[in-house]
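Reviewing the structure listed below.
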Amino acid sequence: MPECLFCKIVNGEMLAEDEDVIVIADIDPKAPLHALVIPRRHIATLNDLSAADDRLIGAMHRAAARLAREKGYADRGFRTLFNTNGEAGQTVFHLHLHVLAGRPLTWPPG
Ligand code: AMP
Ligand code: ZN
């Protein structure tokens, strides 16, 4: 079942990983680059962060910027975002930072 998130991880289909996070390609990409930076530790939403998570949130953003740089989008531009709960469109309740690049990204989103 190649579309399964857990199979991707088990099979090592990751764009990057470090001690804090893994980075995978989004299964339904909304831009030429659409990746998800996912912490190894379970946190459901941004509402569930504590001060102890500050380092992790920094690591997630540095992983996003590293990916954008490696893919050649650092100077062109890229977008990072968290969706939180229903009206923002969150569908997977394990924290993840979207990284989008490769086309003009309109503002405001949605
Ligand atoms: P959100 O709607 O912000 O919770 O984002 C969830 C994201 O996970 C969506 O962009 C989905 O396309 C993506 N997604 C869901 N299942 C998978 C999967 N098995 N592999 C990769 N991305 C997935
Ligand atoms: Zn989880």
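Here, each number is a calculation from the coordinates, and none is a lab measurement. A quick note: this is a predicted structure, and the numbers were derived from the prediction, not measured. Here the Cβ positions follow ideal geometry from the backbone for every residue, glycine too, while neighbour counts run over all protein chains shown.
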By the gyration tensor of its Cα atoms, with a ≥ b ≥ c the square roots of the eigenvalues, what is the shape of the chain: rounded for a/c under 1.5, prolate for a/b over b/c, or oblate? rounded
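Tell me the relative contact order for region 1-83 as a rounded percent, counting alpha carbon contacts under 8 Å between residues six or more apart.
On the way: 66 pairs, mean separation 16.7, N = 83.
Dividing the mean separation by the residue count of region 1-83 yields 20 percent.
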Any idea how far apart R62 and D18 come out in nm if each label point goes 7 Å out from Cα toward Cβ? 0.4 nm
M14's amide H: which non-local residues (gap 5+, or another chain) put their own amide H closer than 5 Å, with H modeled 1.01 Å from N in plane and none for Pro or chain starts? none
Under a Cβ-Cβ cut-off of 11 Å, what is the net charge of the residues other than P109 that fall near it, where Lys and Arg count +1 and Asp and Glu count -1? +2
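Suppose R0 equals 25 Å; then what is the FRET efficiency for D48 and E87 from their Cβ-Cβ distance, rounded to the nearest 0.05?
On the way: r = 17 Å, r/R0 = 0.70.
FRET efficiency, D48 to E87: 0.90.
Tell me the Kirkwood hydrodynamic radius of region 60-102 in angstroms, computed as one over the mean inverse distance between distinct C-alpha pairs. Walk me through the numbers on the way to the answer.
Values: mean 1/r = 0.0895 Å⁻¹.
Its Kirkwood hydrodynamic radius stands at 11.2 Å.
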Using only DSSP helix segments of four residues or longer, with each worth -39500 (n - 2.57), what per-residue ellipticity at 222 nm results for the chain after dividing by its residue count and rounding to 500? -6500 deg cm²/dmol
